[in-house]
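S.K.: The following block contains the structure, expressed as structure tokens.
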Amino acid sequence: MTAFEFIPNTLEDQRKMLAEIGLSDVEELFVDIPAEVLKRFKPLGLKPISELEVSQLVSRMASENAHTGQYVSFLGGGIYDHYVPAIISHLISRGEFLTCYTPYQAELSQGTLTWMFEFQTMICELTAMEVANSSMYDGGSALAEAMLMAKNITGRKRFLVSKSLNPHHRRCLETYAWGVGLELIDVPFTETGQLDRAALQPGELDDLGGLIVQTPNFFGVIEDLSGLKELIKDAFLIVSVNPISLGLLAPPGLFGADIVVGEGQPLGIPQSFGGPLLGIFATRMNYVRRMPGRMSGRTVDADGRVGYVMALQTREQHIRREKATSNICTNQALMALCATIYMATLGRHGLRKLAELNLQKAHYLAEKIAKLPGFALRFSGPFFNEFVVRTRKKPSRLLKALRDEGFLGGLDLESYELLDGNNLLVAVTEKRTRDEMDRFVKVLKGA
Amino acid sequence: MGNTIFDIGEENRIGLRLPALDVPERNLTELIPAELIRKEDPKLPQVSQVEVVRHYTRLSRMNYGVDSGIYPLGSCTMKYNPRINEDLARLPGFAHAHPLQGDELSQGALKLMYELGEYLCVIGGMDAISLQPAAGAHGELTGMLLIKKHFERTKELHRRTKILLPDSAHGTNPASAAMCGFEVVPIPSDARGLVDLQALKAHLDESVAGIMLTNPNTLGLFETDILEITKLIHDVGGFVYYDGANLNAIVGRARPGDMGVDIVHYNLHKTFSTPHGGGGPGAGPVAVVKKLEPYLPVPRIVKNGNRYSLDYEYPHSIGKIHSFYGNFGVLVRAYAYIRMMGDEGLKAVSTNAVLNANYLRVRLSKVYKAPYDRLCMHEFVLTTKGMSEEIRTLDVAKRLIDYGVHPSSIYFPLIVPEVMMIEPTETVSKEELDYFADALIKVAQEMRENPQLLKEAPHAVPVYGASVRRLDEVRAAKEPILRGHFP
Ligand SMILES: Cc1ncc(COP(=O)(O)O)c(C=O)c1O
């Protein structure tokens, strides 16, 4: 019998414990499993391997993958190559953060409950909303849950959805909408890349559950949210944001948003092939008892000392079961801790500076590309750190040339079927240098 | 504001310097209309890096994790999280890969996911899988959508309206079914603690879309009638959804697919050792039988020769359930764990998980009441009901904190009053089991001799991870304070 490093029991331990139970063989512990079921069992055909061997095996697989340490990345589309401060990985690796669970026993979980409270506060500050939960699975599911919450509160089943929403999030939204029986209606965009307000005709607004917009949108264009809430009245204004952009942009809370969601990956979370991510979810205090997800709330202990507990649990599935506001249980806590540490580290003015770096660099590159023959900016509206380039040549060909020179050149929008012609979505973060951008332009020119 | 990062720091302190702008600076309002620019910076903390590190180090010490000691939360499988898995998930080829970099540049990640999917299919005895769900409940939702899609296609949706749910089920089960518009029909447990077959039969007709079954159930008992249950459900044309959160009890020796189930979700953050992270991230892959395969979420990972790719071409798919492909970093950890353990190791997991649970059960049921006094699987329930007039299970749990151990789950499952649900897992030693049992036995004695000790617990003795005395939950619910405010 192989001894395993994660299982302390020795044969001698087992023998003593079996004796206490009054059994003589471990197999007797499994008598409740029907013999037929046991007989059908098939193994994986895998022998145990050591830590050393698994490390070699999995490292080989990792080396078969390109990554942004190898390539200079201009690839975005919802996941961005931002710099992750070194302290984050170190702090979240502390066993007391990493290996605990949902803070069911508040007295042994003040660390988790305190950072959750900080996270909620920071998200509220960033979005100018009144209350935030402590995480959803990702941007897509956060958006879907926002739609469900709006449906539960308004009792209405029609939702207008901006056509410039991230299509990956849009597809999650469609899955949930179908599951619950909601209708999604497209709102087109104009030549600026912004929401076409002319399409928001009074007839369209009847019996409306909500309007769902994203800013900066999938094309990187910043939406002007002013007046939207007034237009849709008691329907929900649901806004999906890039949290980094809120270092610089006026927050949706100031425009009357009812729910603000977003993908929190830019806040100090590695790209990690698209997961684990972080769903951000914030709303107004009026709706707090209808919102999904876990929250930490402040209270006092028996000595009157400030402490934190899980708040408003009666919304949640472990108490309310089929009447819960959501089925979510395990969330993305550790990713929310990354974001908390990230926001604390960047700080009040740092996030603004970071957003400005993104903005300035993106505009530098956009202007250079737009001057090249055969290239033009697709939209005229203001953009943040990502923009669409209309190209004469096929983006697939350009991307190939860029890759040969060590660039992840952006996202070919062809398969998304949102725009006609050839379009390349290019993202620029604070990590990109002038030299990298100049080389990028040179490769495009020669491609 | 109360021990938070907002309570430290000073105006203009920073935690990180950023590189200087290396392109010509443009006037902001040339780039963005002034009315779209934020007038005031968000009120985030202003702290130096050392203050950040010290603050979060201090907070970490106000937590108890699996690394601190036994953490026997029933239904949560708080097992040791191998550190090699953390290192592997942080390899640059994984941690810094972009999900849209294309199949050609992602062969390592796709291969890992494909192989993990194959392993999980064999472990569950199932035919096909999606790794997209980010947690168990997300997997349940996916499973319910698969059932819905099937009945939509067979044009039976109008009458297949019910999901049967044993009353011992985890709260996520009914919540997931309800999110898809199904009517939840509770099925009582019988005196054995198992699904009441008579009650089940009374609900069987063509309105049944399916049943959601946890096995072993949340009392820690194996549903011995499982083969009959799956047959009964299939006979009326319904599907059997198997909540595999408790797979730790049977992994390596029995497979849900061999019990006749149609859908199963796995909690990789339980059975497959990935860390719980203070509440997540986890991963809840969903595997199905052939009949339901066409409906699985897209993209699916396919293998052609030696090449792997993401495939969106499944016209009957329910669509996407995650922005990308699921919690990839968690999948890496689970893959490494399965490879390290192999068949023999996985079998040793269930052997020792069940052995440890039964050992504790036998020791503790001499003092506490075991409502179902029989062999358990990986966990078991006890109750304090009838032991004291004034002491509740909550007090027992809080008193355990004074002994430096994490309490079990309490007040779940809902069908046992004053319940403690104890799951030690296979990664604790006999000495720890004995310490935990001794502590609980001592608390039972204190309950009789000095109940005040329990009522006032925890006492904020210098215990690992403890920093406060009992917290006032009622107050937090009455006037919720869910964020800090600034002057
Ligand atoms: C039996 C059971 N089912 C389902 C779940 C839900 O899983 P998750 O928390 O990953 O969503 C859990 C755990 O929380 C569970 O114990």
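The values are calculated or read from the model by the stated rules, or taken from the named source; none is laboratory data. The structure presented is a predicted model; accordingly, all values stated were derived computationally and were not measured. Using ideal geometry, Cβ is built from the backbone for each residue, glycine included, and neighbour counts are taken over all protein chains shown.
S.K.: Among the residues that make up segment A:198-210, is at least one of them under 30 Å from residue B:29 (Cβ atoms) and surrounded by 21 or more Cβ atoms within 10 Å (Cβ to Cβ)?
M.R.: no
S.K.: Need the failing condition index for residue A:183 against (1) touching a residue at least 60 places away in the same chain (Cβ under 8 Å); (2) over 18 Å from the mean Cα position of the chain (by Cα), just the number.
M.R.: (1)
S.K.: Here's something else I'd like to know. Can you work out which of the residues in segment B:127-139 that are facing another protein chain (nearest Cβ under 7 Å) and within 15 Å of residue B:179 (Cα to Cα) is farthest from the ligand (Cβ to nearest atom)?
M.R.: Among those that are facing another protein chain (nearest Cβ under 7 Å) and within 15 Å of residue B:179 (Cα to Cα), it is B:138.
S.K.: Would you mind stating whether residue B:107 is at the interface with another protein chain (Cβ under 8 Å from one of its Cβ atoms) and either surrounded by fewer than 24 Cβ atoms within 10 Å (Cβ to Cβ) or more than 11 Å from the ligand (Cβ to nearest atom) (or both)?
M.R.: When the stated conditions are applied, residue B:107 passes them.
S.K.: Please name all residue pairs, on different chains or six or more residues apart, with Cβ atoms under 7 Å, provided the first residue is in segment A:43-62 and is under 11 Å from residue B:337 (Cα atoms) and the second residue is outside any helix (DSSP H, G or I).
M.R.: Filtered contacts from segment A:43-62: A:48/A:2.
S.K.: Separate question: Give B:70, B:84, B:163 a once-over and let me know the one that is farther than 30 Å from residue B:304 by Cβ and either of a type in the set (Gly, Ala, Ser) or within 16 Å of the ligand (Cβ to nearest atom) (or both).
M.R.: B:163
S.K.: For segment A:19-33, give me each residue that is over 17 Å from residue B:220 (Cβ atoms), outside any loop (DSSP other than H, G, I, E, B) and more than 7 Å from chain B (Cβ to nearest Cβ).
M.R.: A:19, A:27
S.K.: Let me ask another. Within segment B:166-178, which residues are among the hydrophobic types (A, V, I, L, M, F, W, C) and crowded, with 24+ Cβ neighbours inside 10 Å?
M.R.: Matches in segment B:166-178: B:169, B:175, B:177.
S.K.: Return the only residue of A:146, A:132 being crowded, with 24+ Cβ neighbours inside 10 Å, farther than 22 Å from residue B:78 by Cα, in contact (Cβ under 8 Å) with a residue 12 or more places away in the chain and within 9 Å of chain B (Cβ to nearest Cβ).
M.R.: From the options A:146, A:132, the qualifying one is A:132.
S.K.: Sticking with this structure for a sec: Which residues, taken from segment B:179-196, are assigned to a loop (DSSP other than H, G, I, E, B) and out of contact with any Phe, Trp or Tyr (no Cβ under 6 Å at 6 or more places or on another chain)?
M.R.: B:180, B:181, B:182, B:188, B:190, B:191, B:192, B:194, B:196 - these are the residues of segment B:179-196 that are assigned to a loop (DSSP other than H, G, I, E, B) and out of contact with any Phe, Trp or Tyr (no Cβ under 6 Å at 6 or more places or on another chain).
S.K.: Of the numbered conditions (1) assigned by TED's automatic domain parsing to the domain that holds residue B:248; (2) at negative phi; (3) among the charged types (D, E, K, R), residue B:155 fails exactly one; give the number of that condition.
M.R.: Among (1) assigned by TED's automatic domain parsing to the domain that holds residue B:248; (2) at negative phi; (3) among the charged types (D, E, K, R), residue B:155 violates only (2).
S.K.: Among (1) more than 8 Å from chain A (Cβ to nearest Cβ); (2) within 16 Å of the ligand (Cβ to nearest atom); (3) among the hydrophobic types (A, V, I, L, M, F, W, C), there is one condition residue B:121 misses while meeting the rest; what is its number?
M.R.: Going through (1) more than 8 Å from chain A (Cβ to nearest Cβ); (2) within 16 Å of the ligand (Cβ to nearest atom); (3) among the hydrophobic types (A, V, I, L, M, F, W, C) one by one, residue B:121 breaks only (2).
S.K.: Test of understanding: among A:70, A:110, which residue is more than 16 Å from the ligand (Cβ to nearest atom) and surrounded by fewer than 24 Cβ atoms within 10 Å (Cβ to Cβ)?
M.R.: Matching residue, one of A:70, A:110: A:70.
S.K.: Follow-up question, since we're still on this one. Would you call residue A:169 facing another protein chain (nearest Cβ under 9 Å), more than 16 Å from the ligand (Cβ to nearest atom), surrounded by 24 or more Cβ atoms within 10 Å (Cβ to Cβ) and over 30 Å from residue B:480 (Cα atoms)?
M.R.: Criteria met by residue A:169.
S.K.: Across segment B:1-48, what is the total count of residues that are aliphatic (A, V, I, L, M), surrounded by 12 or more Cβ atoms within 10 Å (Cβ to Cβ) and in a loop (DSSP other than H, G, I, E, B)?
M.R.: Selection size over segment B:1-48: 10.
S.K.: Checking residue A:312 against (1) on the phi < 0 side of the Ramachandran plot; (2) in the same structural domain as residue A:118 (by TED's automatic domain parsing); (3) more than 19 Å from the chain's Cα centre (by Cα), which single condition isn't satisfied?
M.R.: Only one criterion in (1) on the phi < 0 side of the Ramachandran plot; (2) in the same structural domain as residue A:118 (by TED's automatic domain parsing); (3) more than 19 Å from the chain's Cα centre (by Cα) is unmet by residue A:312, namely (1).
S.K.: Which of the residues belonging to segment A:149-165 are touching a helix residue (DSSP H, G or I) at 6+ places or on another chain (Cβ under 9 Å) and surrounded by fewer than 20 Cβ atoms within 10 Å (Cβ to Cβ)?
M.R.: A:152, A:153, A:156, A:157, A:158, A:163 - these are the residues of segment A:149-165 that are touching a helix residue (DSSP H, G or I) at 6+ places or on another chain (Cβ under 9 Å) and surrounded by fewer than 20 Cβ atoms within 10 Å (Cβ to Cβ).
S.K.: Is at least one residue of segment B:38-51 without any contact (Cβ under 8 Å) to a residue 24 or more places away in the chain and in contact with a strand residue (DSSP E or B) (Cβ under 7 Å, 6 or more places away or on another chain)?
M.R.: yes
S.K.: Go through (1) touching a Phe, Trp or Tyr at 6+ places or on another chain (Cβ under 8 Å); (2) within 11 Å of chain B (Cβ to nearest Cβ); (3) part of a loop (DSSP other than H, G, I, E, B) for residue A:273 and report which single condition fails.
M.R.: (3)
S.K.: Out of the residues in segment A:327-348 that are polar (S, T, N, Q) and out of contact with any helix residue (DSSP H, G or I) (no Cβ under 6 Å at 6 or more places or on another chain), state the one that is nearest to the ligand (Cβ to nearest atom).
M.R.: Checking each candidate, the answer is A:330.
S.K.: A further question follows. Specify which of the listed residues (A:79, A:87) is surrounded by 24 or more Cβ atoms within 10 Å (Cβ to Cβ), in contact (Cβ under 8 Å) with a residue 40 or more places away in the chain, within 7 Å of chain B (Cβ to nearest Cβ) and among the aliphatic types (A, V, I, L, M).
M.R.: Every option except A:79 fails the conditions.
S.K.: Still on this model: For the structure I just gave you, tell me whether residue B:142 is at pLDDT below 95 and either within 10 Å of the ligand (Cβ to nearest atom) or under 20 Å from the mean Cα position of the chain (by Cα) (or both).
M.R.: Criteria not met by residue B:142.
S.K.: Okay, moving on. Could you pull out every one of the strands (runs of 3 or more DSSP E) wholly within segment B:205-268 that has 3 or more residues that are within 13 Å of the ligand (Cβ to nearest atom) and within 13 Å of residue B:288 (Cα to Cα)?
M.R.: Because the criterion is at least 3 residues that are within 13 Å of the ligand (Cβ to nearest atom) and within 13 Å of residue B:288 (Cα to Cα), the strands (runs of 3 or more DSSP E) in segment B:205-268 that meet it are B:239-244, B:263-266.
S.K.: In addition: Output the residues belonging to segment A:48-76 that are facing chain B (nearest Cβ under 7 Å) and among the polar types (S, T, N, Q).
M.R.: Of everything in segment A:48-76, those that are facing chain B (nearest Cβ under 7 Å) and among the polar types (S, T, N, Q) turn out to be A:55, A:59, A:63, A:65, A:68, A:73.
S.K.: Test of understanding: among B:386, B:319, which residue is at positive phi, touching an Asp or Glu at 6+ places or on another chain (Cβ under 6 Å) and either surrounded by fewer than 21 Cβ atoms within 10 Å (Cβ to Cβ) or not in a helix (DSSP H, G or I) (or both)?
M.R.: B:319
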